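Peer 1: Would you mind keeping the following structure in view while I ask a few things?
The values are calculated or read from the model by the stated rules, or taken from the named source; none is laboratory data. All of these numbers come straight from a predicted model, not from anything done at the bench. Ideal geometry is used to build each Cβ from the backbone, glycine not excepted, and the neighbour counts take in all protein chains shown. All accessible areas refer to the heavy atoms of the entire protein, side chains included, with ligands and DNA or RNA removed. Shrake-Rupley method; radii C 1.70, N 1.55, O 1.52, S 1.80 Å.
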Amino acid sequence: MIVNPLRDPRDRRLPRVPEPCALVVFGITGDLARKKLLPAVYDLANRGLLPTNFALLGFARRDWGDTEFAELARDAIRQHARTPWREEVWERLAGSVHFVQGSFDDDTAFDELAAALGELEGTHGIGGNAAFYLSIPPGMFPVVLKQMQRTGMAENTPGRWRRVVVEKPFGTDLASSRELNALVDSVFSADDVFRIDHYLGKETVQNLMALRFANSLFEPVWNGHHVDSVQITMAEDVGIGGRAGFYEKTGAARDVLQNHLLQLLALTAMEEPVEFSAEEIRTEKLKVLRAVSLPEDLSTFAVRGQYEQGWLAGERVRAYRQEEGVDPASTTETFAAVRLGVETRRWAGVPFYLRAGKRLPRRVTEIALVFKRAPHLPFADTDTEELGNNQLVVRVQPDEGVTLKFGSKVPGSVMEVRDVSMDFLYGEQFTETSPEAYERLLLDVLLGDATLFPRNAEVEASWAVIDPLEEFWAGSEPAPYRAGEWGPRAADAMLAAEGRRWRRP
Ligand code: BG6
């Protein structure tokens, strides 16, 4: 047996429980905290994955005390938690929640927060360890970070750790993301900054690495010799909900292409990491992001669209421009598609088609490798009329799993070959349900495991892809598409220009 001295000798099958610590959430009354963070904290507690010495601190402007905060947490958990309600788990958690009231420019409030953390060392034995979750608009980051610096809360003194969790969007372009990164890095050391891209917390996204690097079947064909093109789709049937204020300034490319889709591309295209560790995986992803190229002809190969009114699941839905809080003449895109290249030996010449949109026919995220046709078919043309390209589809959500599409003989006395599918469904093969992305990521923050968190350079390399697109689109009208359709016609034309078609997932 070959012994690799780099390998972590610990048995990684045993669930790890973080050291005693506190989780401090800024913006605890917001949507993200209620729908994702608080339920994730409970789900972890329910699975026995929180340390016995744990405290949850909420910080917000509301004139509340611990009791009101506990009520909000209870309601949020009952509504959104993944795991079943257990009164005793809640009781234990409720005993560890605390609320600090104040605004971000209020020095006294931050002094109180620092003092509260100090007191928790005595009352809850958190050992001085704390993670700060910035679930707040990025415009607020500077003032909050400066307060943490002023009060010494960000300091990693010997024997204790302090970490910060930053939610996307990480800036709005390369320049602003650099500024933001510099600011965060001036307060926390790089290893203590955790940038959340919740797609990396999804089980199926992690399975991409297992699929590729734990099997011998797929990797030999995972390259431009065999793959004709790659399609990455993130389709949502929902509109923008109550997020007009954010979305109007953002649009689909900044909202999800810059992060979720480019991260999926990076995991699909990267080389095998030397070992399954944060450092090595991030290094491989970064190499891909740096190798991404944009097409010369952006007018054909970069498409933005905006939904008009239409029908979805039997219901009439309004146009983006009619949504509450949206400018009736808005040119913000709700759909974005682009053809990218990855300039490496493995992928040169293989187009990566990315698309993301709201108010599309259904919610589905998938990565499809479309293989080249067999170089020679020893059948009559008519025998294979209905045979498409072989495809390997990783379904990120819903119906998480993997599908292999290939040709098979149709039963009967004549030779006719048609596409069939072979399916692996998580729901059928495993009895355990997958943890929510935030559950996994929050636990990793508390454990200090940065494997599933993009680092600075990745974020910046991604903006370097998006900036020229935004520049090209600036001031132009997005192409209209009817809600309930698969985006504007120009998106189909983009693939048709190269003799290809989007999958209809
Ligand atoms: C967020 C985007 O990052 O991801 C939203 O800001 C989008 O616009 C959401 O709706 C989708 O997440 P999920 O996990 O439901 O696919």
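Peer 1: Could you pull out every whole DSSP H run in the chain that spans at least 18 Å of Cα extent along its own axis and averages -1.0 or higher on the Kyte-Doolittle scale?
Peer 2: Working: long enough: 66-80 (21 Å, -0.93); 107-123 (24 Å, 0.10); 174-187 (20 Å, 0.43); 278-291 (20 Å, -0.58); 456-473 (25 Å, -0.02).
Sorted by number, the helices that extend far enough and score high enough are 66-80, 107-123, 174-187, 278-291, 456-473.
Peer 1: Setting aside same-chain residues fewer than 8 positions from residue 285, which lysines have a Cα under 21 Å from its Cα?
Peer 2: Reachable lysines: 168, 202.
Peer 1: Mind ranking 295-307, 329-341 by how tightly packed they are, going by the mean number of other C-beta atoms within 10 angstrom, highest first?
Peer 2: Numbers: 295-307: 19.3, 329-341: 22.8.
The most tightly packed comes first, giving 329-341, 295-307.
Peer 1: Say the dipole of the chain comes from +1 at the beta carbon of Lys and Arg and -1 at that of Asp and Glu; which of 414, 65, 289 then lies farthest toward its positive end?
Peer 2: Farthest along the dipole direction, towards plus: 414.
Peer 1: With the Cα gyration tensor of region 5-167 giving a ≥ b ≥ c as the square roots of its eigenvalues, does the rule (a/c under 1.5 for rounded; else a/b larger than b/c for prolate; else oblate) give rounded, prolate or oblate?
Peer 2: Numbers: a/c = 1.60, a/b = 1.13, b/c = 1.41.
Since a/c reaches 1.5 but b/c is at least a/b, the shape of region 5-167 is classed as oblate.
Peer 1: Treating each Cα of the chain as an identical point scatterer and ignoring solvent, apply the Debye formula and state log10 I(q)/I(0) at q = 0.08, 0.13 Å⁻¹.
Peer 2: Results for the chain at q = 0.08, 0.13 Å⁻¹ read -0.55, -1.37.
Peer 1: Also, quick follow-up: Can you compute the charge dipole magnitude of region 107-159 about its Cα centre, using +1 on each Lys and Arg Cβ and -1 on each Asp and Glu Cβ, nothing else charged? Give it in debye, rounded to the nearest 20. Mind dumping the intermediate values first?
Peer 2: On the way: 2 positive and 6 negative charges, 45 e Å.
For this selection, approximately 220 debye.
Peer 1: Now for a different question. Whenever you get a sec, line up 124, 260, 226, 376 from highest to lowest accessible area (probe 1.4 Å, protein heavy atoms).
Peer 2: On the way: 124 40, 260 5, 226 80, 376 135 Å².
If we order 124, 260, 226, 376 from most to least accessible, we get 376, 226, 124, 260.
Peer 1: From the residues 25, 154, 259, which one has its Cα farthest along the dipole of the chain in the positive direction, the dipole being from +1 and -1 charges on Cβ of Lys/Arg and Asp/Glu about the Cα centre?
Peer 2: 259
Peer 1: Add -39500 (n - 2.57) for each DSSP H run of 4 or more in the chain, then divide by its residues: what number comes out at 222 nm, to the nearest 500 deg cm²/dmol? Could the numbers behind the result be given before it?
Peer 2: On the way: 15 runs with 160 residues, N = 505.
Using -39500 (n - 2.57) per qualifying helix, the result is -9500 deg cm²/dmol.
Peer 1: Under a point spin-label approximation (7 Å from Cα along Cα-to-Cβ), what is the residue 108-residue 75 distance to one decimal in nm?
Peer 2: 2.8 nm
Peer 1: If you don't mind, there's one more thing I want to ask. Place a point 7 Å from Cα of residue 31 in the direction of its Cβ. Which residues in region 320-362 have their backbone N less than 18 Å from it?
Peer 2: The answer is 320-327, 332-335, 357-360, whose backbone nitrogens lie closer than 18 Å to the label point.
Peer 1: Consider a paramagnetic label point 7 Å from the Cα of residue 464 along Cα→Cβ; state which residues of region 275-291 have an amide N under 15 Å from it.
Peer 2: 283-291
Peer 1: Cβ under 12 Å from residue 60's Cβ, residue 60 left aside: what net charge do those residues give with Lys, Arg +1 and Asp, Glu -1? Write out the running numbers ahead of the final one.
Peer 2: Numbers: positive: 34, 61, 62; negative: 63, 68, 106.
Residues near residue 60 contribute 0 overall.
Peer 1: Which value results when the Cα radius of gyration for region 235-337 is divided by 2.2 N^0.38 Å? Write out the running numbers ahead of the final one.
Peer 2: Values: Rg = 17.6 Å, N = 103, 2.2 N^0.38 = 12.8 Å.
Here the Cα radius of gyration is 1.38 times the empirical estimate.
Peer 1: Assuming R0 = 45 Å, can you tell me the calculated FRET efficiency for the pair residue 421 and residue 140, based on Cβ-Cβ distance, to the nearest 0.05? Can you show the working numbers first?
Peer 2: Working: r = 48 Å, r/R0 = 1.06.
Efficiency computed from Cβ-Cβ geometry: 0.40.
Peer 1: Here's something else I'd like to know. Run the quick spin-label model on residue 374 and residue 47: label points 7 Å from Cα toward the beta carbon, then report their separation in nm to one decimal.
Peer 2: Rounded to a tenth, the inter-label distance reads 4.4 nm.
Peer 1: What aspartates and glutamates could a cross-link reach from residue 35, if we take a straight Cα to Cα line under 15 Å and drop same-chain neighbours fewer than 8 places away?
Peer 2: 43, 71, 75, 167, 436, 439
Peer 1: Follow-up. Report the local net charge at residue 483: Lys and Arg +1, Asp and Glu -1, summed over other residues whose C-beta lies under 13 Å from its C-beta.
Peer 2: On the way: positive: 316, 318, 321, 358, 359, 362, 482; negative: 236, 237, 308, 315, 323, 485.
Here the charged neighbours net out to +1.
Peer 1: To continue, here is another question. Using the Cβ atoms and a cut-off under 13 Å, what net charge is assigned to the surroundings of residue 155, where Lys and Arg are +1 and Asp and Glu are -1?
Peer 2: So the environment of residue 155 carries a net charge of +3.
Peer 1: Treating the beta-carbon of each Lys and Arg as +1 and of each Asp and Glu as -1, no other charges, what is the dipole magnitude of region 5-167 about its Cα centre, to the nearest 20 debye?
Peer 2: Details: 21 positive and 22 negative charges, 198 e Å.
Dipole of region 5-167, to the nearest 20 debye: 960 debye.
Peer 1: Continuing with the same structure: Can you tell me the dipole magnitude for the chain around its Cα centre, using point charges on the Cβ only (Lys, Arg +1; Asp, Glu -1), in Debye to the nearest 20?
Peer 2: Details: 59 positive and 75 negative charges, 172 e Å.
So the dipole magnitude of the chain works out to roughly 820 debye.
Peer 1: Can you compute the modelled spin-label distance between residue 115 and residue 179, with each label point 7 Å from Cα toward Cβ, in nm?
Peer 2: Going from the residue 115 label point to the residue 179 one covers 3.5 nm.
Peer 1: Carbon and sulfur together cover what percent of the accessible area of the chain at a 1.4 Å probe radius?
Peer 2: Details: 11590 of 23230 Å².
Here carbon and sulfur together make up 50 percent of the probe-accessible area.
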